[in-house]
Amino acid sequence: MSRYIEPTRMDHLFNRTVAGLTRLGISLWGSRILYVRGRSSGEWRTTPVNVLTLNGTRYLVAPRGITQWVRNLRAAGNGELRVGRRVEAFTAIELSDEEKPAVLRAYLKRWGWEVGRFFEGLNANASEEQVREIAPGFPVFRIN
């Protein structure tokens, strides 16, 4: 499945604002700047992300689907998360579709107000069957 939702002009503005504050060391609702090497260029690429902690494990979720950062992270297998001057290197393992429902539900519970429109009308109270149905369109990475 190659689901991708193009960001709107308003999304770009919101992301620039969050990224700017995060670079200054102000994390909004757990925001980080994801640095990952480009799969073709090898140059660092950046984007703001929300890091979800669930039962002591941390995850990155791609609510827009197969974005460039997802493709780059799949190729690189690692990256960095930054807030201000703090830099944290990590490795990433992509979850199978069967592993995603609990993570997607927790992500919606935490950031549904921000990303709910990308989840095909679902919210944190959706049935297990509904979440499993959409799971293939939402890349999720466990980060260490």
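Data table
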read-out: Residues whose placed amide H lies under 5 Å from that of Leu95, excluding near-sequence neighbours; value: Val140, Phe141, Arg142
read-out: Neighbourhood net charge (11 Å Cβ-Cβ; Lys/Arg +1, Asp/Glu -1) for Trp29; value: +1
read-out: Sites Arg39 and Leu13 - FRET efficiency at Förster radius 35 Å, r taken between beta-carbons, to 0.05; value: 0.80
read-out: For segment 114-144 and segment 1-79, distance of Cα centres in Å; value: 16 Å
read-out: Under the Karplus curve 6.51 cos²θ - 1.76 cosθ + 1.60, θ = phi - 60°, whole-Hz ³J(HN,Hα) for segment 83-98, x wherever Gly or Pro sits; value: 9, x, 8, 6, 10, 10, 6, 8, 10, 10, 10, 6, 7, 6, 4, 5
read-out: Dimensions in Å of the chain - Rg and Dmax from alpha carbons; value: 14.5, 42
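Laboratory data are not the source of any read-out in this text; all were calculated from the coordinates shown. In this text the structure is predicted, and so the values were computed from the model without any measurement. Every residue, glycine among them, receives a Cβ derived from its backbone with ideal geometry; neighbour counts consider all protein chains shown.
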